[in-house]
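Each remark here refers to the structure printed beneath this line.
Each value in this text was obtained by applying a stated rule to the coordinates, not by laboratory testing. All values derive from a computational prediction rather than experimental measurement. For neighbour counting, all protein chains shown are included, and Cβ atoms are generated from backbone atoms with ideal geometry for every residue, glycine included.
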Amino acid sequence: MARYTGAVCRLCRREGTKLFLKGDRCFSEKCGVDRRGYPPGQHGQGRGRFSDYGVQLREKQKVKRMYGLLEKQFRRTMERASRMRGMAGENLLVLLERRLDNVVFRLGFATSRAEARQLVKHGHFLVDGRKATIPSMLLRPGSVVSLREKSRQVARIVSALDALEGKSIPAWLELDKENFQGTVKALPTREDITMPIQEQLIVELYSR
């Protein structure tokens with residue numbers, strides 16, 4: 001499966017905000033946005049204002065990069081959201097939040113979505129007792145995500161769970177840290193997604 005393999009700090013700098021693509025590094029003094037808070041490239045410090053289309057495009061790129069999707073995947077997700085009942089923008093965010101790699105990240109088994117995606121693809125997790133290796137798998141209320149018995153000593157997962165102390169789990173998820181599993185209690189709502197996202201701009205972009 002194709003994926004972005006370049007420098008991820010450039011992506012945060014390009015969008016002008018932290019996308020939290022490198023886990024703990026984003027909270028340290030090494031964060032690229034804190035060190036150089038302007039877009040990358042030769043003309044990064046001289047970029048002017050965006051047009052309406054440019055603002056919409058940047059919002060789409062920001063969300064796409066935040067969740068680690070490529071263009072074709074993101075477009076398909078947007079098309080699916082448009083066919084669902086309700087507001088297309090909110091439907092889009094709910095679909096993105098329901099992805100298995102995002103749920104693994106939200107539960108605290110990984111420090112970033114990229115790390116969660118790799119752990120899922122390597123077969124470390126079970127969904128309702130069955131091995132799951134597809135990061136884009138959409139979970140439903142009642143789904144139980146658990147760590148395989150053989151994977152409970154993986155250093156990266158253990159350290160991620162240890163770092164979870166003091167951090168909150170989204171209300172629509174429930175973590176059983178002792179048993180290395182989490183449950184999807186309900187579908188996420190717009191109020192549960194606290195990241196600075198203006199989903200209406202993305203809808204407007206795809207409506208052109």
(request) With a bin width of 10 angstrom, please list the P(r) values of segment 61-125 as percents of all Cα-Cα pairs, from the 0 bin to the one holding the largest distance. (result) 22, 49, 26, 4
(request) Take every Cα pair under 8 Å in segment 100-187 that's 6+ residues apart, average their separations, divide by the length, and report that relative contact order as a whole percent. (result) 31 percent
(request) Of the listed pairs Lys64/Lys185; Lys64/Lys121; Lys150/Lys177; Lys121/Lys167; Lys62/Lys131; Lys62/Lys185, which have alpha-carbon separations greater than 22 Å here? (result) Lys64/Lys185; Lys121/Lys167; Lys62/Lys131; Lys62/Lys185
(request) Summarise the long-distance tail of P(r) for segment 40-190 by giving the % of C-alpha pairs beyond 23 Å. (result) 42 percent
(message) Under the rule a/c < 1.5 gives rounded, and otherwise a/b versus b/c splits prolate from oblate, where does segment 100-187 land using the Cα gyration tensor?
(response) rounded
(message) I want to check the label-to-label distance for Ile193 and Arg148. Put each point 7 Å from Cα in the C-beta direction and report it in nm to one decimal.
(response) 3.1 nm
